[in-house]
Amino acid sequence: MKRYERAIVVGASSGLGRAIALHLAQAGSTVVAVARRGDRLRELADSSPGRILPLVHDVTRTEEAARAFADACTMAGGLDLIVYSAGFMPTVGATEFNTEKDLRIFAVNVLGAIAWLNQAAERFQQAGHGAIVGIGSVAGDRGRRGQPAYNASKAALHAYLEALRNRLYARGVSVATFKPGPMRTEMTAHLSLRNAMDPEVAAAKILAKAHVSGEHYLSLSHRFVFAVLRNLPSSVFRRLPV
Ligand SMILES: NC(=O)c1ccc[n+]([C@@H]2O[C@H](COP(=O)([O-])OP(=O)(O)OC[C@H]3O[C@@H](n4cnc5c(N)ncnc54)[C@H](OP(=O)(O)O)[C@@H]3O)[C@@H](O)[C@H]2O)c1
């Protein structure tokens with residue numbers, strides 16, 4: 001894993017973001033851990049005194065993102081890596097179309113990401129240095145019947161990150177999109193998942209490639225399975241039980 005002196009992890013109070021913050025701290029980084037649940041963040045900070053610094057912030061308050069980003073950079077003493085891991089995937093009934101829920105998914109997964117990562121892109125562009133990591137999902141590769149807005153939010157995030165990558169590649173800034181499959185976290189605690197990955201394993205895989213621009217699956221089998229699924233015609237895909 002490349003060493004990052006100073007990092008921000010947005011969505012660090014549980015699951016994948018928490019595991020990434022801990023890995024970074026263990027490797028010697030100073031990490032600003034961002035999320036809404038201050039008690040969880042303080043607990044995390046206590047586990048790595050001086051290495052993990054809590055910053056309470058709600059990413060849906062996009063008008064506060066620039067101030068929070070500036071505060072996080074000051075707390076860390078600069079910035080080399082930002083990871084946007086905040087995500088929201090509520091349960092959605094098979095016949096449910098709930099606009100309030102769907103807009104909230106977009107507020108956390110897309111609008112919050114844009115508000116934070118635009119700040120990082122601007123700072124890194126000026127510095128000619130830095131790594132941006134966005135946590136997408138295999139769920140963003142196709143529109144499935146189970147989670148229309150969540151699928152669409154991850155597809156939007158993937159396209160936004162690809163555009164950042166294309167803008168910043170000549171400026172010495174890397175932009176990596178990770179597409180995890182199922183992981184055992186609070187987000188999926190209500191589901192019975194087969195072959196789910198532990199967030200600690202996913203975090204190690206992500207940090208090993210955090211500086212490598214491009215889109216990354218976390219397993220070789222996903223890379224091949226999703227290459228096929230992405231290219232299946234809709235008329236075939238809609239008949240699959242996914
Ligand atoms: N679990 C899976 O199977 C899976 C698979 C593929 C991709 N992913 C993606 O992986 C990422 C991490 O998810 P996870 O599985 O680790 O879930 P998780 O344990 O539920 O973590 C979600 C994180 O997002 C933060 N968050 C949610 N809403 C927020 C808000 N309004 N403001 C600030 N932070 C907010 C939460 O913090 P607070 O609640 O404290 O604010 C928490 O730290 C997400 O982007 C998710 O879409 C997950």
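Only the coordinates and a few stated rules stand behind these numbers; no lab work does. As the structure is a computational prediction, the values presented were derived from the model and not from experiment.
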- Task: Can you grab the distance from the C-alpha centre of the range 86-151 to the C-alpha centre of the range 204-232, Å, no decimals?
- Result: 17
- Task: Using only C-alpha positions, report the orientation-averaged shadow area of the convex hull of the range 29-130, nm², one decimal.
- Result: 7.6
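Could you work out the equivalent-ellipsoid semi-axes for the chain, taking the square root of 5 times each eigenvalue of the Cα gyration tensor, largest first, in whole Å?
Gyration-tensor ellipsoid for the chain: 28, 20, 18 Å.
Quick one: plug the Kirkwood hydrodynamic radius of the range 188-242 (C-alpha pairs) into Stokes-Einstein at 25 °C, 0.890 mPa s, and report D in µm²/s.
D, rounded to a whole number, is 179 µm²/s.
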- When the helix-only estimate is applied to the chain (DSSP H runs of n ≥ 4, each -39,500 (n - 2.57), divided by the residue count), what is the mean residue ellipticity at 222 nm, nearest 500 deg cm²/dmol? -13500 deg cm²/dmol
- Note on the structure: What the Cα atoms of the range 148-242 span along the principal axes, largest first and in whole Å, is 43, 34, 25
